[in-house]
Amino acid sequence: MRSRLIVSLFIAVLTGPAQTGKHPFHANDWAALHQASPAAVAPDGLTILIRVAWGGEKGPTKEEWRLVAKDGGNPRKLEVPENFHPAGFTSDGAGLYGTYEVNKLPQLAVFALAGMKRASTPTLAVMLPSGVHSAVLSPDGTRFALLADPHPPDDLAEVHTVVQPEHTSLYVVAVDGTGGKWWCPELKNISDTPGGGNPGGAGAIAWSSDSSRIAVLSAAPKIGYHSVHSYVDVCSASGVHRAAEVSNAVSGIAWADAGHDLAFLSTNTSVLTPDHVWTVSASGGTPVDRTPKLHGTATAIVSDPHGKVWVSVMHGVQNEIDSYSDGELATAFRWPEGYVEGPRFSELASSTAQLAFGIGDSTHSFNVAVPDGPALRRITTEGDEQLAKIDLGPARVVHWTSKEGIALEGIATFPAGFAENRRYPFLVLPHGGPEGNDVLTLQAFPRLIAGIGYVVLQPEYRGSTGYGSEFLDAIYQHFGDRAYRDVDSATDFAIGQGWADANRLAIFGWSAGGFMTAWTITQTGRYKAAIEGAGITDWAPFLWTSDIQQFDYDARWPDDDLAAFSQFSAVLHARNVTTPMLILHGAADLRVPTFQGREFYEVLAARGKTTRMVTYPGSGHFPRLWEQRLDVFREIAAWLARYNP
């Protein structure tokens, strides 16, 4: 009865109405918080298309599209037709192009800005048999390059699903919808990954400045291969020319050095995370690492229509936008005490060279900024009014050295009214990826958990991006020992700082962070509560059943060396668990298939361990619907209240 009362009171604090004055960050604040990001820049550089997004009580994320002047003035809401997702401006600036759903398939469409109404119809629609993934306008404004599956849809798709590699090819069409043709049809596995600033999100393709050629990234498909090979090609209406083959992962493509070279991101590490800038001659040759001594991680690359190459580089939990030229990176833009994303720009060679960026920090929602000399100036204020009523508590970047002598960094988030001379319940929150990192922005989970009185520490363990190739590569075949020890050292650090009550410790993570949570409680009983979201618990079958290549963890064949994968599989060490474990998982998760959580839950339950599993119908790797997202946090809050009060 007492535990039920604690849970009820805890949830009431989370979801109840805000009191007068400032209040801690609650789940209802998360759902209502607006954020803005730049989507496109008009050819004249005077207007920026922005997307404003927020959650709500139920349904998918809500969005609103606005036009604002480059100084932030004259905002105008657009009545965008339902199921239209803008990607850029037309060459005359009088319309928007993007994808529009027709018979449940996204197709290329153009809508006039003047008088845009929900009931309006597109002035152009390019209909491909299996729909369109993304589109990029050529620099001369005469053609669109589309990424799409060239095959017709399966007539029996409602009856069965054929398991086979997905195909993505390149289709080029005039802006009036005529003359469409599959360019270089032999390229069937174009990477189709979002790129750092490319309109339409087509980071795997880039038009040449004269609009005659397209640089293309492709890769060996996941199904049927146990190695990663990437290809850099130059494609035109007359055929394809291979510039390079890379025996590793590649992302982003840009024309560099006046079009003589192609620049992209790749790596020499064992993990499949591109982290350096490489170039190869557009006519073909051997790729060269242009940033071999980079103490950080290049995470995105893009070229604008004026010949400039922009690279996003992570340095720890913050980043900068660099310009790249003649083999050198030079810092161009930073956002003090935070993170900058982009840039966005017009695709047209005749356009004004206006840039727009997304920016965020630990006390503000994501917003839009533009260059102001060498600095950035914020031009939108989404979330400011709401956050003025919330006591977020401090957040700071912290550093420590583990028992192994490893220098580590993390983000510590503190509850409202935090006092240095008081110990608090503590939660360590390892990030997903694992080759990713936490960034110094207003992040939901640490803020929500701090909002219920916890100190939260997000450790950047070995394998995180932002700290150089050696640090990144250290996780290969060592997720369960090196990375685990780094995460656990964060808890030691928090206790040593006097922040954490050693008798009130918890751990929570999602995806790769979910693996870390599951694995940790097989190795130590120090945590009183654990929450695992969509975590890997059984490595050998995971490598084959995830929807993407996962050999960045370990490229050995499981059927040749099963012991290599069982050594870090939590399901095979469940007998050691003493910590109450909550397992959360999307019922339609393809990234970490749902059986991973179910198997661990079944083993724990059979062994008499304290455990609970909750799945979310129709949900992928993280719930898309806000009623499910809010339930995720209700489950977390109740579990912490019950087992780590």
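The values are calculated or read from the model by the stated rules, or taken from the named source; none is laboratory data. Note that the coordinates shown come from a computational prediction; the quantities given were computed from them, not determined experimentally. Here the Cβ positions follow ideal geometry from the backbone for every residue, glycine too, while neighbour counts run over all protein chains shown. Only protein heavy atoms, including side chains, enter the accessible area calculation; ligands, DNA and RNA are left aside. Shrake-Rupley method; radii C 1.70, N 1.55, O 1.52, S 1.80 Å.
Before moving on, here are some points about what is shown:
- Filter result for PRO274 (open to solvent by 10 Å² or more (accessible area, probe 1.4 Å), assigned to a loop (DSSP other than H, G, I, E, B), touching a strand residue (DSSP E or B) at 6+ places or on another chain (Cβ under 6 Å) and under 24 Å from SER323 (Cα atoms)): yes
- Of the criteria (1) open to solvent by less than 20 Å² (accessible area, probe 1.4 Å); (2) over 29 Å from ALA444 (Cα atoms), which one PRO623 fails: (2)
- Any hit, the stretch 498-506, residues being within 22 Å of ALA412 (Cβ to Cβ), under 21 Å from the mean Cα position of the chain (by Cα), modelled with pLDDT of 95 or more and open to solvent by 10 Å² or more (accessible area, probe 1.4 Å): no
- With respect to the conditions (1) open to solvent by less than 40 Å² (accessible area, probe 1.4 Å); (2) touching a helix residue (DSSP H, G or I) at 6+ places or on another chain (Cβ under 9 Å); (3) of a type outside the set (Lys, Arg); (4) touching a residue at least 24 places away in the same chain (Cβ under 8 Å), ALA474 lacks only one, and its number is (4).
- Number of positions in the stretch 296-334 that are under 15 Å from ILE253 (Cα atoms) and in a strand (DSSP E or B): 13
- For the stretch 560-569, the count of residues that are farther than 26 Å from THR269 by Cα and at pLDDT 95 or above is zero.
- Of the residues examined, ASP257 is one that is at positive phi, out of contact with any Pro (no Cβ under 9 Å at 6 or more places or on another chain) and among the acidic types (Asp, Glu).
- Every residue from the stretch 337-392 that is out of contact with any Gly (no Cβ under 9 Å at 6 or more places or on another chain), of a type in the set (Gly, Ala, Ser) and under 20 Å from TRP54 (Cβ atoms): GLY383, ALA388
- Verdict on GLY509 being surrounded by fewer than 24 Cβ atoms within 10 Å (Cβ to Cβ), on the phi < 0 side of the Ramachandran plot and either part of a helix (DSSP H, G or I) or touching a residue at least 12 places away in the same chain (Cβ under 8 Å) (or both): no
- Among the residues of the stretch 395-407, those identified as more than 16 Å from ILE495 (Cα to Cα) and either buried (at least 20 other Cβ atoms within 10 Å of the Cβ) or touching a Gly at 6+ places or on another chain (Cβ under 8 Å) (or both) are ALA395, VAL397.
- Pairs where the first residue, in the stretch 517-541, is over 17 Å from PHE445 (Cβ atoms) and open to solvent by 10 Å² or more (accessible area, probe 1.4 Å) and the second is assigned to a loop (DSSP other than H, G, I, E, B) and among the acidic types (Asp, Glu), C-beta under 9 Å, 6+ apart: TRP539/ASP554; ALA540/ASP559
- Unique match (being open to solvent by 20 Å² or more (accessible area, probe 1.4 Å) and hydrophobic (A, V, I, L, M, F, W, C)) among ALA249, ALA254, ALA258, ALA243: ALA258
- TYR553 being crowded, with 20+ Cβ neighbours inside 10 Å and under 23 Å from HIS295 (Cα atoms): yes
- Scan of the stretch 581-613 for residues that are in a helix (DSSP H, G or I), among the acidic types (Asp, Glu) and either in contact (Cβ under 8 Å) with a residue 24 or more places away in the chain or surrounded by 23 or more Cβ atoms within 10 Å (Cβ to Cβ) (or both), ordered by number: GLU599
- Consider the stretch 219-244 and keep the residues that are more than 29 Å from LEU96 (Cβ to Cβ) and of a type in the set (Ser, Thr, Tyr). The one that is farthest from the chain's Cα centre (by Cα) is SER238.
- Residues being surrounded by fewer than 21 Cβ atoms within 10 Å (Cβ to Cβ) and within 22 Å of VAL313 (Cβ to Cβ) - total across the stretch 410-439: 2
- Here is the figure for the stretch 248-305: residues that are acidic (Asp, Glu), under 22 Å from the mean Cα position of the chain (by Cα) and modelled with pLDDT under 95 total 0.
- Whether a residue is assigned to a loop (DSSP other than H, G, I, E, B), open to solvent by 10 Å² or more (accessible area, probe 1.4 Å) and under 26 Å from GLU627 (Cα atoms) was assessed, and GLU57 passes this test.
- Among the conditions (1) touching a helix residue (DSSP H, G or I) at 6+ places or on another chain (Cβ under 9 Å); (2) open to solvent by less than 20 Å² (accessible area, probe 1.4 Å), the only one that VAL68 does not satisfy is (1).
- Listed by position, the strands (runs of 3 or more DSSP E) inside the stretch 128-227 whose residues that are surrounded by fewer than 19 Cβ atoms within 10 Å (Cβ to Cβ) number at least 2 are 181-183.
- Scanning the stretch 359-376 for residues that are acidic (Asp, Glu) and either open to solvent by less than 20 Å² (accessible area, probe 1.4 Å) or in contact (Cβ under 8 Å) with a residue 40 or more places away in the chain (or both) yields a single hit, ASP361.
- Residue check, ALA40 without any contact (Cβ under 8 Å) to a residue 40 or more places away in the chain, assigned to a strand (DSSP E or B) and out of contact with any Cys (no Cβ under 8 Å at 6 or more places or on another chain): no
- Exactly one residue out of ARG118, ARG2 is at pLDDT below 95, over 29 Å from the mean Cα position of the chain (by Cα) and farther than 23 Å from GLY177 by Cα, and it is ARG2.
- Given (1) among the aromatic types (Phe, Trp, Tyr); (2) modelled with pLDDT of 95 or more; (3) open to solvent by less than 20 Å² (accessible area, probe 1.4 Å), index of the condition TRP30 fails: (3)
- Sole exception among (1) within 19 Å of GLY203 (Cβ to Cβ); (2) part of a loop (DSSP other than H, G, I, E, B); (3) within 20 Å of the chain's Cα centre (by Cα); (4) not polar (S, T, N, Q) for GLU347, by number: (3)
- Among the residues making up the stretch 416-456, those that are among the hydroxyl-bearing types (Ser, Thr, Tyr) and within 14 Å of TRP499 (Cα to Cα) are TYR424, TYR454.
- The single condition among (1) within 29 Å of THR441 (Cα to Cα); (2) out of contact with any helix residue (DSSP H, G or I) (no Cβ under 8 Å at 6 or more places or on another chain); (3) modelled with pLDDT of 95 or more that GLY88 does not meet is (2).
- Evaluating ALA356 against the criteria (1) over 30 Å from HIS23 (Cβ atoms); (2) of a type outside the set (S, T, N, Q); (3) in contact with a His (Cβ under 8 Å, 6 or more places away or on another chain); (4) touching a residue at least 12 places away in the same chain (Cβ under 8 Å) leaves one unmet condition, (3).
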